[in-house]
Amino acid sequence: MSPWLIVAALTAGAYLCGSVPFGWLIGKMRGVDIREHGSKNIGATNCGRVCGWPWGILAFLLDVAKGFGPVTAAVLLLPGVLDPSTGRALWVALVAVAVGPILGHTFPVWLKFKGGKAVATSLGVLLALPPLWWIALAALGVWIVVTAATAYVSVGSTVAALAFGGMYGTYYRACALDDYLPLTVFVAAIVVLVIVRHKANYVRLVRGEENRVWGKRQATGNRQ
């Protein structure tokens with residue numbers, strides 16, 4: 001089989017893994033369609049607020065896993081399929097597979113392509129890529145600190161994404177536009193995706209309508 005057919009198969013499999021809507025499935029198991037409550041998002045945050053935070057944490061871990069699993073498989077398999085000495089070609093293949101779970105969560109085939117923000121799934125993908133796992137962990141730390149300080153998940157996610165992009169650009173500046181160019185484009189796309197997918201949250205923040213993770217809810221009701 002052609003190496004690039006293998007890459008295509010891995011990418012398709014990664015997309016299907018990413019398409020599994022764990023937050024929605026947990027909600028259905030609990031007797032509720034989370035798309036009809038809260039922010040109507042299928043992600044872990046809305047799952048936690050609608051179903052309870054233990055279920056939200058479970059959804060978060062499962063969303064991370066569905067990004068981590070297929071990309072880890074690609075990291076292990078592709079160097080044996082493609083010549084690692086080609087450098088950029090190998091990174092193109094890995095990035096192609098890495099995009100799969102993120103697109104799957106954002107546009108899940110099982111839910112008529114209406115998905116979530118893919119923050120947790122992106123974290124799983126980044127943790128599976130050797131040059132990025134430690135930066136992803138650092139960004140997770142930023143997310144925890146900022147979310148704890150502001151009580152807004154959207155603020156924590158945005159600051160963490162920007163911090164991740166900044167740390168990547170600083171540490172890998174020497175090779176970011178060389179062999180790591182596909183990885184650089186991927187990192188930039190992740191940061192942009194997080195910002196774009198939180199556009200409605202920014203509007204609610206400006207209006208004072210964004211709900212906090214804990215504490216008093218806004219007077220507008222159950223928006224998130």
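The values are calculated or read from the model by the stated rules, or taken from the named source; none is laboratory data. Given the structure is predicted, the values throughout are model-derived calculations rather than measurements. Every residue, glycine as well, gets a Cβ built from its backbone with ideal geometry; the counts of neighbours run over all protein chains shown.
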Could you count how many residues in the range 155-181 are at pLDDT 95 or above and either buried (at least 16 other Cβ atoms within 10 Å of the Cβ) or among the hydrophobic types (A, V, I, L, M, F, W, C) (or both)? 14
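Of the residues Gly23, Gly38, Gly31, which is in contact with a Ser or Thr (Cβ under 9 Å, 6 or more places away or on another chain) and more than 18 Å from Ala151 (Cα to Cα)? Can you show your working first?
Numbers: Gly38 fails: more than 18 Å from Ala151 (Cα to Cα); Gly31 fails: in contact with a Ser or Thr (Cβ under 9 Å, 6 or more places away or on another chain).
When all the criteria are applied, what remains is Gly23.
From Leu127, Leu123, Leu132, grab the single residue that is within 21 Å of Trp53 (Cα to Cα) and either hydroxyl-bearing (Ser, Thr, Tyr) or surrounded by 19 or more Cβ atoms within 10 Å (Cβ to Cβ) (or both). Outline the logic, then answer.
Numbers: Leu127 fails: within 21 Å of Trp53 (Cα to Cα); Leu132 fails: within 21 Å of Trp53 (Cα to Cα).
Matching residue, one of Leu127, Leu123, Leu132: Leu123.
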Selection within the range 1-34 - under 15 Å from Lys114 (Cα atoms), in contact (Cβ under 8 Å) with a residue 24 or more places away in the chain and of a type outside the set (A, V, I, L, M): Tyr15, Gly18, Ser19, Pro21, Phe22, Gly23, Trp24
Given (1) modelled with pLDDT of 95 or more; (2) within 13 Å of the chain's Cα centre (by Cα), Arg197 misses just (1)
Somewhere in the range 92-107, is a residue under 18 Å from Leu10 (Cα atoms), over 18 Å from the mean Cα position of the chain (by Cα) and surrounded by fewer than 20 Cβ atoms within 10 Å (Cβ to Cβ)? yes
Being under 15 Å from the mean Cα position of the chain (by Cα), in a helix (DSSP H, G or I) and either among the hydrophobic types (A, V, I, L, M, F, W, C) or at pLDDT 95 or above (or both) is the filter here, so list the residues in the range 21-54 that pass it. Phe22, Gly23, Ala44
Output yes when any residue across the range 6-15 is more than 22 Å from Leu132 (Cα to Cα) and modelled with pLDDT under 95, and no when none is. yes
Between residues in the range 195-224 that are more than 17 Å from Ala160 (Cβ to Cβ) and among the aromatic types (Phe, Trp, Tyr) and residues that are at pLDDT 90 or above and outside any helix (DSSP H, G or I), which pairs lie under 7 Å by C-beta distance while being six or more apart or on different chains? Trp214/Ala151
Which listed residue is free of Cβ contacts under 8 Å to residues at least 60 places away in the same chain and either closer than 26 Å to Lys199 by Cα or not hydroxyl-bearing (Ser, Thr, Tyr) (or both), from Leu78, Leu123: Leu123
